[in-house]
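Take a look at the structure below.
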Amino acid sequence: GAVVSQHPSWVICKSGTSVKIECRSLDFQATTMFWYRQFPKQSLMLMATSNEGSKATYEQGVEKDKFLINHASLTLSTLTVTSAHPEDSSFYICSSKGTEARWETQYFGPGTRLLVL
Amino acid sequence: AQKITQTQPGMFVQEKEAVTLDCTYDTSDQSYGLFWYKQPSSGEMIFLIYQGSYDEQNATEGRYSLNFQKARKSANLVISASQLGDSAMYFCAMRDLHSGNQFYFGTGTSLTVIP
């Protein structure tokens, strides 16, 4: 399977600051990456699809100006939570489509826990 | 309508026993893929097993097997010889032609292995 890393794994910030989360595919080139959000004891919620070299596609209800996504290279996608507020505290996890032909399994990063004070 | 339904919020199994985690799905597509992921307390989503809708045989990966019953639209995960390290959340997911790149995820099942 593919290896996806995320950085940082933990971040605590003050309300009003912006936080950048990086998602890297380590052993393959990922033209498409996905950003999810997960609240405690809930399932993953897709926020946006990040496409290399083009604008991200956001899911309904996700503010694109609040959650900025940049996919500048085939191995790196970033999610910036702008002017973070306590309600943005969550577990953010990225994934990348695998390279196998089997329905393109998604491989996930280890996730980033964000706590906004 | 829910695309993926996991009806067991929590399950317990004795160490070394087998356990089945239920998953039913809803799609009108003939071609689709079904996936199971494990999420331990650390949060990472670990890919376990995949089943394609046209695969005639049930998928197996080590101690994991997928009991695929197409007519019933069920894709249950069977874990044999449970280990303490199997304690985690388990998510069933599906991708079909209509979902594009997106995965539909179930609500998850929390498995606890008892020593």
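The values are calculated or read from the model by the stated rules, or taken from the named source; none is laboratory data. Not measured: the values here are computed from a predicted model. FYI the Cβ positions are ideal-geometry reconstructions off the backbone, even for glycines, and counts take in every protein chain you see.
A few points about this structure:
- Qualifying residue in the range A:30-53 (condition: buried (at least 17 other Cβ atoms within 10 Å of the Cβ), in contact with a Phe, Trp or Tyr (Cβ under 9 Å, 6 or more places away or on another chain) and free of Cβ contacts under 8 Å to residues at least 12 places away in the same chain): yes
- Among the residues of the range A:64-82, none qualifies, meaning not one is surrounded by 20 or more Cβ atoms within 10 Å (Cβ to Cβ), of a type in the set (Val, Ile, Thr), closer than 23 Å to residue B:37 by Cβ and in contact with a Gly (Cβ under 9 Å, 6 or more places away or on another chain).
- Of the criteria (1) among the aromatic types (Phe, Trp, Tyr); (2) outside any strand (DSSP E or B); (3) closer than 13 Å to residue A:109 by Cβ, which one residue A:35 fails: (2)
- Tally of residues being modelled with pLDDT of 90 or more and either charged (D, E, K, R) or not in a loop (DSSP other than H, G, I, E, B) (or both) across the range A:5-32: 14
- Annotation note: Cβ proximity below 7 Å between a residue of the range A:103-117 that is part of a strand (DSSP E or B) and at pLDDT below 95 and a residue that is of a type in the set (Phe, Trp, Tyr) and crowded, with 20+ Cβ neighbours inside 10 Å (sequence gap 6+ or interchain) occurs for A:106/A:34; A:106/B:103.
- The set of residues from the range B:14-33 being more than 13 Å from chain A (Cβ to nearest Cβ) and outside any loop (DSSP other than H, G, I, E, B) comprises B:14, B:19, B:20, B:21, B:24, B:25.
- Test: residue in the range A:57-75 that is touching a strand residue (DSSP E or B) at 6+ places or on another chain (Cβ under 6 Å), outside any loop (DSSP other than H, G, I, E, B) and within 11 Å of chain B (Cβ to nearest Cβ): yes
- For residue B:98: the one exception among (1) closer than 25 Å to residue A:42 by Cα; (2) at pLDDT 95 or above; (3) more than 11 Å from chain A (Cβ to nearest Cβ): (2)
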